[in-house]
Amino acid sequence: MHHPAARIAGLSCCLTLALAGCGGGSDSVGDETPRVSDAVACADLQGKSYGDNTTITTSTYVTDDLAFGSTTAVAPFCRIEATARPTSDSQIAFEVWLPPLVAWNNRFQAVGSGSSAGSIATTAMTAPLADGYAVMAQNNGHVTDTSRPNGAAEQTWALGHPEKIIDFAYRAQHVTTVHAKEIVSAYYNRAPAESYFVGCSQGGHHALMEASRYPGDYDGIVAGAPAWEWFNLMAAEVWNSQAYLQDPTAIVAAKNTLLNTAVIAACDANDGVTDGVIGDPRSCTFDPAVLQCAGADGPDCLTPAQVGAARRIYAGAKQPGGTVIFPPYTRGSELGWSPLYSTPNAAGGSGFDFYRYTLFQDPTFDNANFDFATDYDRARNVQIAGEAAPAVFNAGSDLTAFRQRGGKLIIYHGWADQQITPLSSIDYYDRVVVDEGQANANGFLRMFMLPGVGHCSGGPGPRNIGGSSGTAPVADAAHDVVRALDRWVTQGVAPESLIASRIANGAVTQTRPVCAWPKAAVYKGSGSTDDAANFTCQ
């Protein structure tokens, strides 16, 4: 990220030198069409209309920094607020932030959201803006009812609104991408040279929807912890939370901590390094029954219900006949099970509302009684605006068109993800390889698995690689996944590893390489295990 003072100095330089070439832009197109000032160009966009009944409702030239949560949007920039209505039931709000012409890096970046959120991820827009991107985010076509106990996961907006469901699943991201790029072109008098999408969780879902459904939208995509199989994931969230819904003592935060401590103790050294992190949890087979209470419940043991809940999560969602619905969750993810799977009126994240509001349109439906034979089959047969529910919500693995147009895709996932099992990303990767062949896949796809990292971020492992994972401490392609993507797209240099960092109190305390799948970081046998230089990818 650019330091604000450095950026102001840069802008001053560019404003002074005008057309001397400082910064990323010029004041003309082909030296023939003079461009008005940034403020005037911004004002000129007010009220402009585009396809899909898209209208700019507000164009504001921002001259003072704006705070969004713990982040700051560094002024000056043109802030566009717009609405798209591709159907009579659609109401897709989006914002486009445009840095001054002299600061623009000639690129467009869209950022994704999380959960089932009906809000614009303004906090995620600040870093790309500071890096010189024209940046866009959208609200998934609905507005979250913040009075609901499950917050961004609530889905009352879906009741009686099939077109809003389609907007949420994939259409809103595509429509706003198309028209945001038109707005960028109108503001700068030229189209962006490259367009990127960066998102995690729901943002990762939309990333792979874009790559599979709309391959022409983006030149490069970063998909973190992608919820690509959203329909199946919702069943998994019910599966993981059902033990709690039937018995609130089955998933308890303190017991999750006890279990996690035992899991780490049993499996930490499997990767050759004892560092509080499981390198690849697929090698860990710890059975929670080892901790089962011999008699009465106590702080140092698990009840039979707690053992059963843990085994259920480790097993993964299945139908009674054994058909896999969603892959197992990994050992090492236990610290994230509460409150995700054990909160009243919210257990299971987006899965809590998915069936009663989005699919079954029945507010009385109770996940505690969800039948993984009959109810899951019933869900698969639901039609939404004429399309089967799994097809609406799940991203395809056929990325041939994206590959053929030169697109590049980077997936990353934390091995300790409590919300979307990392095995689902491995499943997606494997499907792409089956579809494309390994050689073709290597030409446009890289995946990085982060040991000890939770959902998008968090956890005991080194996690900061930019994007949603946390700011990379070094702004280069070796440390930052978005810069690695940009180098791959613009220079043809594919990332074979990234240096992940753990940051505490503003200082880097640990670095570790994360390697292009299927390779993993292996300790060389000497030197500090907190230093990435002492590991190699094998």
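The values are calculated or read from the model by the stated rules, or taken from the named source; none is laboratory data. Computed from a prediction, not measured in an experiment: that's the story for all the values here. Quick reminder, even Gly has a Cβ in these numbers, built from the backbone with ideal geometry, and neighbours come from all protein chains shown.
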Among the residues in region 183-190, are any under 20 Å from the mean Cα position of the chain (by Cα) and surrounded by 24 or more Cβ atoms within 10 Å (Cβ to Cβ)? no
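Conditions tested, residue by residue: (1) out of contact with any strand residue (DSSP E or B) (no Cβ under 9 Å at 6 or more places or on another chain); (2) of a type in the set (Gly, Ala, Ser); (3) buried (at least 19 other Cβ atoms within 10 Å of the Cβ).
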position: PRO363; (1), (2), (3): yes, no, no
position: ASP371; (1), (2), (3): yes, no, no
position: ARG380; (1), (2), (3): no, no, no
position: ALA385; (1), (2), (3): yes, yes, no
position: ALA388; (1), (2), (3): yes, yes, no
position: VAL392; (1), (2), (3): no, no, yes
position: ASP398; (1), (2), (3): yes, no, no
Among the residues of region 486-522, write down those that are of a type in the set (Phe, Trp, Tyr) and surrounded by 19 or more Cβ atoms within 10 Å (Cβ to Cβ). TRP488
Residue among ASP353, ASP375 that alone is acidic (Asp, Glu), under 17 Å from THR323 (Cα atoms) and either crowded, with 22+ Cβ neighbours inside 10 Å or without any contact (Cβ under 8 Å) to a residue 60 or more places away in the chain (or both): ASP375
Quick one: VAL62 ticks every box in (1) farther than 18 Å from ALA191 by Cβ; (2) buried (at least 22 other Cβ atoms within 10 Å of the Cβ); (3) not charged (D, E, K, R) bar one, so which box is it? (2)
Only listed residue being in contact with a helix residue (DSSP H, G or I) (Cβ under 8 Å, 6 or more places away or on another chain) and at pLDDT 95 or above, chosen from GLY452, GLY461, GLY527: GLY527
Exclusive hit being in contact with a His (Cβ under 9 Å, 6 or more places away or on another chain), farther than 18 Å from MET136 by Cα and at pLDDT 95 or above, set ALA172, ALA243, ALA236, ALA225: ALA225
For region 183-234: of the residues being among the hydroxyl-bearing types (Ser, Thr, Tyr) and touching an Asp or Glu at 6+ places or on another chain (Cβ under 8 Å), which is nearest to TYR170 (Cα to Cα)? SER212
Quick check on ALA193: is it under 17 Å from ALA110 (Cα atoms), touching a residue at least 24 places away in the same chain (Cβ under 8 Å) and surrounded by fewer than 19 Cβ atoms within 10 Å (Cβ to Cβ)? yes
Hey, which of the helices (runs of 4 or more DSSP H) in region 215-318, taking only ones fully inside, have at least 2 residues that are free of Cβ contacts under 8 Å to residues at least 40 places away in the same chain? 253-267, 304-315
Helices (runs of 4 or more DSSP H) contained entirely in region 117-190, each with at least 1 residues that are without any contact (Cβ under 8 Å) to a residue 12 or more places away in the chain: 172-188
Filtering region 444-484 down to residues that are of a type in the set (Gly, Ala, Ser), at negative phi and in contact with a strand residue (DSSP E or B) (Cβ under 9 Å, 6 or more places away or on another chain) yields GLY454, SER457, GLY461, SER468, SER469, ALA472, ALA477, ALA478, ALA484
Consider ALA477 carefully, then state whether it is crowded, with 23+ Cβ neighbours inside 10 Å, without any contact (Cβ under 8 Å) to a residue 40 or more places away in the chain and under 24 Å from THR123 (Cα atoms). no
